[in-house]
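Contents: one structure, followed by commentary.
Laboratory data are not the source of any read-out in this text; all were calculated from the coordinates shown. Quick caveat: nothing in here was measured; it's all calculated off a predicted structure. Cβ coordinates were reconstructed from backbone atoms using ideal geometry, including for glycine residues, and neighbour counts include every protein chain displayed.
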């Protein structure tokens, strides 16, 4: 299995600045590819092949890829987070202007909520996590705060 550590070898170090190479490396894992296919299939099976179903499938597939990259490299790459956020927001506008407003407000709220601990305490959150808040808000809209709370509770030791 190829490593995604940018310092492991010359070829991988070269791919560290190549988004397509990084994405190919992640998607080369059969388990991850099957996981993405399962998520996309479940979403499309539930919501259908309309605009909302395709948007939600894209959003969740992106989160699966980001989780895989973050687990292995401990980084959430801008080349994936920021364009994906833009795609989700533009799609929200195309699908429903009212939902787009909620998505934009959710994106801003999540960004600001995550920015505070990142600035107050070094190491509490990275800026990748803060930018991920933009994507989460864009995809979840008004439900993003509930999603962040559930995520926080999931990592707090019981």
Dividing the mean separation of Cα pairs under 8 Å (6+ apart) by the residue count of the stretch 34-99 yields a relative contact order in percent of 28
So, with points 7 Å from each Cα along the Cβ direction, the residue 67-residue 154 label distance in nm works out to 0.6
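Rounded to the nearest 0.05, what FRET efficiency do residue 94 and residue 46 have when you use their Cβ-Cβ distance and R0 = 25 Å?
After rounding to 0.05, the efficiency reads 0.75.
Work out how much length residue 143 to residue 34 would gain on full extension: take 0.36 nm times their residue separation and subtract the Cα-Cα distance, in nm to one decimal. The partial results should precede the final answer.
Numbers: separation 109, 0.36 × 109 = 39.24 nm, distance 2.75 nm.
Stretched fully, the residue 143-residue 34 segment lengthens by 36.5 nm.
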Using the count of nearby Cβ atoms within 10 Å as a rough guide to exposure, how do 85, 62, 33 rank from fewest to most? 33, 62, 85
With springs connecting C-alpha atoms under 10 Å apart, model the chain as a Gaussian network and identify which of 36, 75, 20 has the largest mean-square fluctuation. 20
With 13 Å as the cut-off, how large is the P(r) tail for the stretch 86-145, expressed as percent of Cα-Cα pairs? 54
Based on other C-beta atoms within 10 Å, arrange 72, 25 from fewest to most. 72, 25
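Subtracting the Cα-Cα distance from 0.36 nm times the residue separation, let me have the gained length for residue 23 to residue 127 in nm, one decimal.
Working: separation 104, 0.36 × 104 = 37.44 nm, distance 2.05 nm.
Going from the current span to full extension adds 35.4 nm.
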Taking the Cβ of each residue in 50, 56 as the centre, tally the other Cβ atoms inside 10 Å and list the residues starting with the fewest. 50, 56
Normalising by the residue count of the chain, find the relative contact order in percent from Cα pairs under 8 Å and 6+ residues apart. 17
Summing -39500 (n - 2.57) over every DSSP H run of at least 4 in the chain, dividing by its residue total and rounding to the nearest 500, the 222 nm mean residue ellipticity is -26000 deg cm²/dmol
